[in-house]
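Following: one structure in structure tokens, then a few remarks.
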Number of protein chains: 2
Amino acid sequence: MNFTQKQSEYVQIIEDTLNKSIKIDNPYYISLKDAMQYSLMAGGKRLRPVLALAVAEMLGKDLNEVLAFACSIEMIHTYSLIHDDLPAMDNDDYRRGKLTNHKVYGEAMAILAGDALLNLAYENMIEDAINSSNSRKLEAMRLIAKYAGALGMIGGQVIDLSSEGKSIDEDRLKTMHRLKTGALIKAPVEAAAVICGVTDNELKLLSNFATNLGLAFQIKDDILDVEGDIENMGKKPGSDALCEKTTYVTMFGIEQSKKLLETVTNEGITYLEQFGSKAEFLRDMAKSLVERTG
Amino acid sequence: MNFTQKQSEYVQIIEDTLNKSIKIDNPYYISLKDAMQYSLMAGGKRLRPVLALAVAEMLGKDLNEVLAFACSIEMIHTYSLIHDDLPAMDNDDYRRGKLTNHKVYGEAMAILAGDALLNLAYENMIEDAINSSNSRKLEAMRLIAKYAGALGMIGGQVIDLSSEGKSIDEDRLKTMHRLKTGALIKAPVEAAAVICGVTDNELKLLSNFATNLGLAFQIKDDILDVEGDIENMGKKPGSDALCEKTTYVTMFGIEQSKKLLETVTNEGITYLEQFGSKAEFLRDMAKSLVERTG
């Protein structure tokens, strides 16, 4: 099975599970289900949960062992996008080619739908941990909470917020991306690895791989914001420039950024050596992120 | 020790713990810590965590056994207030006599500070469960997640949102309050009881007590919105009328609401009989909520 087929297979499993995960049937607030479902099922690459499934399969484990946690991370990612798009934040009207949550359901509902998705992410993980005999799930939950919270993604969002319209230095830019994008890419890789019971050395290697993958993802995002087009991206490029954001491209120039993207990706792939041919999907995924057009 | 002294003792323990719980020291986003701390330490009755401590003490357990969970529920309550006060939601400028979070830190930061508090609540509980040999903590976490989420408090917020300016029937009003206020009052009582290892019958009794307490709390809130004054309440009364909200007072009248408050409180207290004199604090607390002026 080639990379694209395997990826579609993973995405299908994830979408099927996500699609059944919002269990609201009270007629008084069924609208909340609609709003949550709208953003959760709005497509996208499902990069984060796919990473979790791929790590589990590489390690020879049943995908179901990590599926709930994988989907919870996607819920956390989705809630963060809903809140990020709000008028008080990035004020975006489109996401993945569709109207953003608040443009369809209103701001108040978008805030609550985001809150509810974050809460559901934990509810799902807790439920899964209770129904499982795998005591490492609590530790995996701890990792995800750290990466999602104030010391992780939310910290990065605050740096981003306070950096708009300012010229920021390299250290601040890197810290921002390590937290804002990087943390939630490390989360599924490390959480899946922990659930599958890897050695400390294997965890370190996979964590390093994920760090590089996250960095590459962000550099590519910055490049696409200059070179991408609306059809492939599902949103208007140029938003960084519009918000006067410092990016890899404004800091290092487009050519240097492309070189950096290559270097970071290749270095990331070296951390997979120990896993041999079983790491093929993860290697291909790293390469595919370099080539992506949206 | 009388009720007020005991209550102050509990509040002191809770505030000391809350005050140390936000561990952000990265200078790039220390502002997030300020925003989270501002609302978390803005006072208030600490009703929810006090309930958890009181249940643990009544059951003869060490308060530390439930302290982390008690504080997590207060974080969840605080995040919900920050988001509720936003312009897109209730658009309140004051809370407990202080400017609301977004009035001080801006809307974007208020959204993120709320998100971060919700996430921290789970992080804290997970950490506590990992460091404890008490396997019932996972079950307590499950209860809290249910009461905080789409099937609990957030569901109630959505009903509230969609009911403004509309005349709603009794069933809808009751469902709204059961979820919006009731759920997060049941959470500390049930979670503490589960952590302390109560019998099914004891859990049922305490759950019933908490249901009545939550309902009484809401009826009193509705009465105060008509009869309260700004000094004691820390916010302007009359906001329900301003938003054309259906309340117990608009539905049953002020006298009938007061009678209902008495009945519901007294019925709640009967569920404590089995716990004898050890339930004195909880009984006094139920009565104090009837008498409160803010």
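Taken together, the values in this text are just the output of simple stated rules run on the coordinates, not laboratory data. What you are looking at is a predicted structure, and each value in this text was computed from that prediction instead of being measured. As a convention, Cβ positions derive from the backbone with ideal geometry for all residues, glycine included, and neighbour counts pool all protein chains shown.
Structure values in brief
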quantity: Residue mean of other protein chain beta carbons inside 10 Å, B:216-229; calculated: 0
quantity: Cβ-derived FRET efficiency at R0 35 Å, B:GLU170 paired with B:SER8, nearest 0.05; calculated: 0.40
quantity: Given charges at beta-carbon only (K, R positive; D, E negative), |dipole| of the protein assembly as shown in Debye; calculated: 580 debye
quantity: At 1.306 mPa s and 10 °C, Stokes D of the protein assembly as shown from Kirkwood alpha-carbon radius, µm² per second; calculated: 64 µm²/s
quantity: Loop trypsin sites (Lys or Arg not before Pro), region B:1-91 (other Cβ atoms within 10 Å of the site Cβ: 12 or fewer; DSSP); calculated: B:LYS20, B:LYS23
quantity: Per the axis that maps chain B onto chain A, nearest residue of B (Cβ criterion) and its distance in Å; calculated: B:TYR122, 2
quantity: Under 12 Å, Cβ to Cβ, from B:VAL55 - net charge with Lys/Arg +1 and Asp/Glu -1; calculated: 0
quantity: Inter-label distance for B:LYS278 and A:GLN274, nm, one decimal - labels placed 7 Å from Cα along Cα-to-Cβ; calculated: 5.1 nm
quantity: Among B:GLY197, B:GLY214, B:GLY165 the positive-end extreme of the charge dipole of region B:135-239 (Cβ point charges); calculated: B:GLY197
quantity: Per-pair calculated FRET efficiency, R0 = 45 Å: B:ASN201 and B:GLU291 via Cβ, rounded to 0.05; calculated: 0.90
quantity: Sequence-distant lysines (8 or more away, or on other chains) whose Cα lies within less than 20 Å of A:LYS45; calculated: A:LYS6, A:LYS20, A:LYS98, A:LYS180, A:LYS186, A:LYS220, A:LYS235, A:LYS236, A:LYS287
quantity: Residue-wise HN-Hα coupling along region A:220-225, computed from phi with Karplus coefficients 6.51, -1.76, 1.60 (Hz; x: Gly, Pro); calculated: 4, 4, 5, 5, 4, 5
quantity: Shortest-first distances to equivalent copies, position B:ASP200, nm, label 7 Å out along Cβ; calculated: 4.5
quantity: Gyration tensor over alpha-carbon atoms, region A:138-274, equivalent ellipsoid semi-axes in Å; calculated: 28, 18, 13
quantity: Spacing of the two label points (7 Å from each Cα toward its C-beta) at A:ASP93 and A:ILE30, in nm; calculated: 3.1 nm
quantity: Residue-averaged beta-carbon neighbours from other chains (10 angstrom radius) around B:105-113; calculated: 6
quantity: Region B:145-195-region A:44-87 distance, computed between alpha-carbon centres (Å); calculated: 29 Å
quantity: Ascending list, in nanometres, of distances separating the A:PHE3 label from those of the other copies (7 Å, Cα toward Cβ); calculated: 6.8
quantity: Computed [θ] at 222 nm, helices only, for chain A once each DSSP H run of length n ≥ 4 contributes -39500 (n - 2.57); calculated: -22000 deg cm²/dmol
quantity: Rg [Å, one decimal], Dmax [Å, integer] - chain A, C-alpha atoms; calculated: 18.5, 55
quantity: For B:ASP62, label point 7 Å along C-beta direction: distances to other copies, nm; calculated: 3.7
quantity: Cα-based shape type of region A:62-208, given that a ≥ b ≥ c are square roots of the gyration tensor eigenvalues and the cut on a/c is 1.5; calculated: oblate
